[in-house]
Every structure is written in structure tokens, then in C-alpha cells.
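**Q** Structure below; questions to follow.
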Amino acid sequence: MGAAMLVRMDNGFFRIDTPAPGVAHLQLNRPERLNTLAPPFFPAFREAVQALDDAGETRVLVISSTGRHFSAGMALDVFEGGMPMLDTGTARRRLAFQDGLRRLMASMDVLEEARFPVIAAIQGGCIGGALDLATACDLRVASADAFFTVQEIHIGMAADLGVLQRLPKIVPPGVARQMAFTGERVGAERALAIGLVNAVLPDAAALQAHALDLARQIAEKSPLAIAGSKRALNFARDHTTHEALQQMTLLQSAIFDIDEMSRAIAGWKAKSAPEFEPLAPIPKG
């Protein structure tokens, strides 16, 4: 694998670095505020993930956090007058509310749309908007003290950043409905049993090591094949098998690369990580 692109960012909400070639690590970094999500977080997060995708160097993104909790979700002061878009008193305001909400949703959508897989490493609470973020990731792993809750129902609102749409496609629909209607806390072992997470680790240190090791395994694979696999899986989730197979014929014809396969096969036989070119940067519009 080629040399890693050096990534460094720390904007007060999260920091990003590159701990291994092809692996980007985004850490939520407001432990004193339980990593709550204030309005400026959303465009900053969306732009940061989009920039990683546009550059083409990132093969896997790990999202973790600092402190006791992954994130306590949207900061409550937002609902107490801290966000102008919450004014829905007139038709014009309601129209603006819809557009503003769609932009917030796009901050979660960017995780699905990225060409690379995204792994959420969750310790402590994954609450409210944080669960919207986690369910938009490709994989989730947790520490033994992790818990998950659709917090919004406790404050008199329906969750609206994607968890109600994504959660029933990850866990059994009845479980998703119970979580949405009751706001119950689902602990790590229960989350593992229902398929919400792929693994449970003893503590935050073991969790982060596991997530980064999983990321390194993925980063050693062909980024072209990984991107194609993610695109196919996402399409199949939302379409019939017949439609997904039709899409696969077009997708495979676009990404099939015999040279890429030759390098992968040679590396597999030699039991060593093969060298792959990064994905092409996405042209600026």
C-alpha cells in the first residue's frame, strides 16, 4: 500500500488523523459536554467526510469519541431556543424548516454516500442523534459499557435524522419499533444479539484497537472492489433482488479491472498486502 496522506484536523467538535495507510480516524472531542452535537457540528462533519471522500486516499473511516460517552446526541439547549430553524409558526418558516432539516439529514447521508466503509466504535452512551450517526455507518462495534437509545421520544419528538429509516434495516423491525416507541436503553450484549453491533470489547482501549485493526484489514483490500461492494450493498438494501442484480451488471462493467485482480491474487498467494492505487479524486463541480 502506498504512503498515507497526512490528515490533521481539530475544530473543537472532532479531530481527524491518519493512524495507518488508507485509514482515517475521526474522534468526537468534546468529552466535557458528553460529545453533544451542536448546530455547527453538522456542516463541519459533512464537509470533513466529503473532503476525505473527494480526495480518494481514504479507504476506511473509523469514528470514535473521547470521554465517558460516544455522544449524548443533540445538545438540549438547541431545543430551548438555540436553533432558529425550529420556528415553524408560519408557512414560510415551515418551508425553511424542511430545507434546514434536509441539510441536517445530509450530514448523516454523507456516511452512506462515501466510497469507503465507515466503522463506528461506540463506548458509553450512543444517544439520540448519535444513534442516527451510528446507523448511517457500515459497521458498528461497541465496548461492554455501551448502550443505545432513541432519546427523542423522551422529549416529545420523533427522531428525524435517519434512525427510524435505517434502524429497521439493521435490527428486526419489531425491535426497532420498540426502541422508537419506548426509548429504552439497549445494552451492548443485547445490541450484539440483535445485530446492531458486530462485536463487543471489554473497554474503550480494546474497542479502539479492534476498530482500527478491522479498518486496517479492509484498507488492505482493493479500494475499487470495496467501493463497488458498498455501492451494491446499499442499492440492494433499498431495492428488489431483480433490480439490484440489474444494477450489479452495470456496476461490475464499470469497475471490473483485471490488473487490480492480478495484484490482489498475487498478494493473497504471497500472504502480503498488495499495492493498490488510491481511488481517483472526485472532480470539483
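**Q** Going by alpha carbons, how many degrees (0 to 90, nearest 10) lie between the helix axis of 258-270 and the longest principal axis of the chain?
**A** Roughly 80 degrees, rounded to the nearest 10.
**Q** Could you tell me the largest-minus-smallest coordinate of the C-alpha atoms of the stretch 223-270 on each of the three principal axes, in descending order and whole angstroms?
**A** Principal axes ranked by extent give 39, 17, 14 Å for the Cα atoms.
**Q** Taking Cα atoms, how many degrees apart are the long axis of helix 173-182 and the longest axis of the chain, rounded to 10 and kept between 0 and 90?
**A** That helix lies at roughly 30 degrees to the long axis.
**Q** Separate question: Quick one: net charge of ALA38's neighbours, Cβ under 10 Å, K/R +1, D/E -1? Could the numbers behind the result be given before it?
**A** On the way: positive: ARG30, ARG33; negative: ASP77.
Cβ neighbours under 10 Å give a net charge of +1.
**Q** Here's another thing I want to ask about it. Quick one: net charge of VAL110's neighbours, Cβ under 15 Å, K/R +1, D/E -1?
**A** -1
**Q** Please give the residues of the stretch 126-155, grouped as numeric ranges, whose backbone N is less than 14 Å from a label point set 7 Å along the Cα-to-Cβ vector of SER229.
**A** So the set is 138-139.
**Q** Show me, bin by bin at 5 Å from 0, the whole-percent P(r) of the stretch 8-219 based on Cα pairs.
**A** Percent of Cα pairs in each bin: 1, 7, 16, 21, 21, 17, 10, 5, 2, 1, 0.
**Q** Quick check on the chain: of the DSSP beta bridges with both residues there, what percent are antiparallel, nearest 5%?
**A** 30 percent
**Q** Could you go through the stretch 225-232 in sequence order and give the Karplus-derived ³J(HN,Hα) for each residue, using 6.51 cos²θ - 1.76 cosθ + 1.60 with θ = phi - 60°, rounded to whole Hz, and x for Gly and Pro?
**A** Whole-Hz 3J(HN,Hα) from phi for the stretch 225-232: 5, 5, 4, x, 5, 5, 5, 5.
**Q** On each of the three principal axes of the Cα atoms of the stretch 49-115, give max minus min coordinate, whole Å, ordered largest first.
**A** Each principal axis gives a Cα extent; for the stretch 49-115 these are 45, 31, 14 Å.
**Q** While we're here: Along the Cα-to-Cβ line of LYS269, 7 Å from the Cα, sits a label point; which residues in the stretch 194-229 have backbone N less than 19 Å from it?
**A** Residues passing the 19 Å test: 221-222.
**Q** Quickly work out the LEU76-to-GLU189 label distance, labels modelled 7 Å from Cα along the C-beta direction, and quote it in nm with one decimal.
**A** 3.0 nm
**Q** Multiply the residue gap between PHE256 and ASP10 by 0.36 nm, knock off their C-alpha separation, and tell me the result in nm, one decimal place.
**A** Taking 0.36 nm per residue and subtracting the Cα distance, the gain is 84.8 nm.
**Q** Just tell me which aspartates and glutamates come within less than 19 Å, Cα to Cα, of LYS284; anything on the same chain fewer than 8 places away is out.
**A** The qualifying aspartates and glutamates are GLU47, ASP53, ASP54, GLU57, GLU113.
**Q** May I ask you to derive the FRET efficiency for ALA205 and GLU32 from their Cβ-Cβ distance with R0 = 25 Å, giving the value to the nearest 0.05?
**A** 0.80
Readers should treat all values here as calculations from the given coordinates under stated rules, not as data from a laboratory. As the structure is a prediction and not an experimental result, all values here were calculated from the model. When we count neighbours, we look across all protein chains shown, and the Cβ atoms used for this are built from the backbone with ideal geometry, even at glycine.
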